[in-house]
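Enquirer: After the structure tokens below, expect a handful of questions from me.
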Amino acid sequence: MSGVLPFRISAWAAWSNTAWAAWPEGNVADPARPLPASLRRRVTATGRKALEAAWTVLAHAAAEPRLVLCSRHGEYERTLSILESLAEDGTVSPADFSLSVHHALAGLLSIATTNRAGHTAIAAGPDSLGFGLLEAAAAVAEDGRPALLVYFDEPLSIIYGPLPGDVAGSIALAMLLVPEGGEAMSLEMVAAEHRGAQAQAPEFLAFLASGEPERRVAGERREWRWRRAA
């Protein structure tokens, strides 16, 4: 990627069990908007927070948005449960298996909202948020319609050990990107001078909440730069 890609955010909502105890100040979405039963059932705790964020942000969508879901590990609590069950007796819960695919939450959300705009699921290691935002911003620029970005993650079990760029705790974020209105920003991905990955989601959320003009974050092989329009 070369050049700068502009995008606009009209609404966002986030949750983290380490960065914030609740929904952060400045969030335009209403955290009290309840999830429908179809989205509460059979999802993990972190998956539910992602759907809560998406559900509240969707209240601000003037048109049916394309869904872009991104996560490094997905609903890892479910994945670990499947692996443990296989190791113990070779069986797998059909409900867990049916929801273990990486785009499961996007599918549930599209069904609950009868959204036919399509969705994309991205897993790009420590750069999952960066590439998810790139996908959403590019979709809005190409189609001229809004896109809902949903990011969530949690650290792997201690049996796997820490990974570079992994989040320190569970985190969920939803943002509505729009072709017009909202807050104007831009992203740029450039070659990194030094290799090494940072946890991108906490950095981007801090950037959103702070109002600062720019933030740079190291990815696995690239540096991500997020800026507010002057």
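Enquirer: Please state which of the following conditions I122 fails to meet, knowing it meets all the rest: (1) closer than 21 Å to K49 by Cβ; (2) in contact with a Phe, Trp or Tyr (Cβ under 8 Å, 6 or more places away or on another chain); (3) surrounded by fewer than 20 Cβ atoms within 10 Å (Cβ to Cβ).
Expert: Result: I122 passes all but (3).
Enquirer: Considering every residue within segment 9-24, establish whether at least one is in a loop (DSSP other than H, G, I, E, B), on the phi > 0 side of the Ramachandran plot and at pLDDT below 75.
Expert: The answer is no; no qualifying residue exists.
Enquirer: Please find, within segment 109-119, the residue that is surrounded by the fewest Cβ atoms within 10 Å (Cβ to Cβ) out of those that are touching a residue at least 12 places away in the same chain (Cβ under 8 Å) and over 15 Å from the mean Cα position of the chain (by Cα). Reasoning before the result, please.
Expert: Within segment 109-119, the first condition is being touching a residue at least 12 places away in the same chain (Cβ under 8 Å), and the residues that meet it are 109-113, 115-119.
Still in the running and over 15 Å from the mean Cα position of the chain (by Cα): 110-113, 115-118.
Values: S110: 18, I111: 11, A112: 17, T113: 19, N115: 18, R116: 7, A117: 17, G118: 13.
This residue is R116.
Enquirer: Inspect all residues belonging to segment 197-213 and state whether any of them is surrounded by 16 or more Cβ atoms within 10 Å (Cβ to Cβ), touching a His at 6+ places or on another chain (Cβ under 8 Å), in contact (Cβ under 8 Å) with a residue 12 or more places away in the chain and not in a loop (DSSP other than H, G, I, E, B).
Expert: No, the conditions are met nowhere in segment 197-213.
Enquirer: Something else about it: Being modelled with pLDDT under 65 and among the small types (G, A, S) is the filter; apply it to segment 25-44 and report the residue that is surrounded by the fewest Cβ atoms within 10 Å (Cβ to Cβ).
Expert: A32
Enquirer: So, one more: Can you tell me which residue in segment 120-154 is farthest from L5 (Cα to Cα), limited to those that are touching a residue at least 60 places away in the same chain (Cβ under 8 Å) and in a loop (DSSP other than H, G, I, E, B)?
Expert: E154
Enquirer: Search segment 45-72 for residues being touching a residue at least 60 places away in the same chain (Cβ under 8 Å) and in a loop (DSSP other than H, G, I, E, B), and hand back the single one that is surrounded by the fewest Cβ atoms within 10 Å (Cβ to Cβ).
Expert: A63
Enquirer: Sticking with this one: Within segment 73-100, restricting attention to residues that are surrounded by fewer than 15 Cβ atoms within 10 Å (Cβ to Cβ) and not hydrophobic (A, V, I, L, M, F, W, C), which residue is nearest to R40 (Cα to Cα)?
Expert: S98
Enquirer: Kindly evaluate L5 against the criterion of being modelled with pLDDT under 85 and touching a helix residue (DSSP H, G or I) at 6+ places or on another chain (Cβ under 7 Å). So that I can check it myself, show each step before the final result.
Expert: Values: modelled with pLDDT under 85: no; touching a helix residue (DSSP H, G or I) at 6+ places or on another chain (Cβ under 7 Å): yes.
The answer is no for L5.
Enquirer: Here is a further query. Kindly provide the set of residues from segment 161-188 that are of a type in the set (D, E, K, R) and either in a strand (DSSP E or B) or in contact with a Cys (Cβ under 7 Å, 6 or more places away or on another chain) (or both), ordered by number.
Expert: Narrowing segment 161-188 to residues of a type in the set (D, E, K, R): 166, 180, 183, 188.
Across segment 161-188, the qualifying residues are E183, E188.
Enquirer: Sticking with this structure for a sec: Do we have G169 as closer than 20 Å to T18 by Cβ and without any contact (Cβ under 8 Å) to a residue 12 or more places away in the chain here?
Expert: No, not satisfied.
Enquirer: Another question about this same structure. Among residues belonging to segment 188-219 that are touching a Phe, Trp or Tyr at 6+ places or on another chain (Cβ under 7 Å) and of a type in the set (A, V, I, L, M), point out the one that is nearest to I171 (Cα to Cα).
Expert: A201
The values are calculated or read from the model by the stated rules, or taken from the named source; none is laboratory data. Just so it is clear, the model here is predicted, and its values are computed rather than measured. Neighbour counts are summed over all protein chains in view; Cβ atoms, including those assigned to glycine, are modelled from backbone coordinates with ideal geometry.
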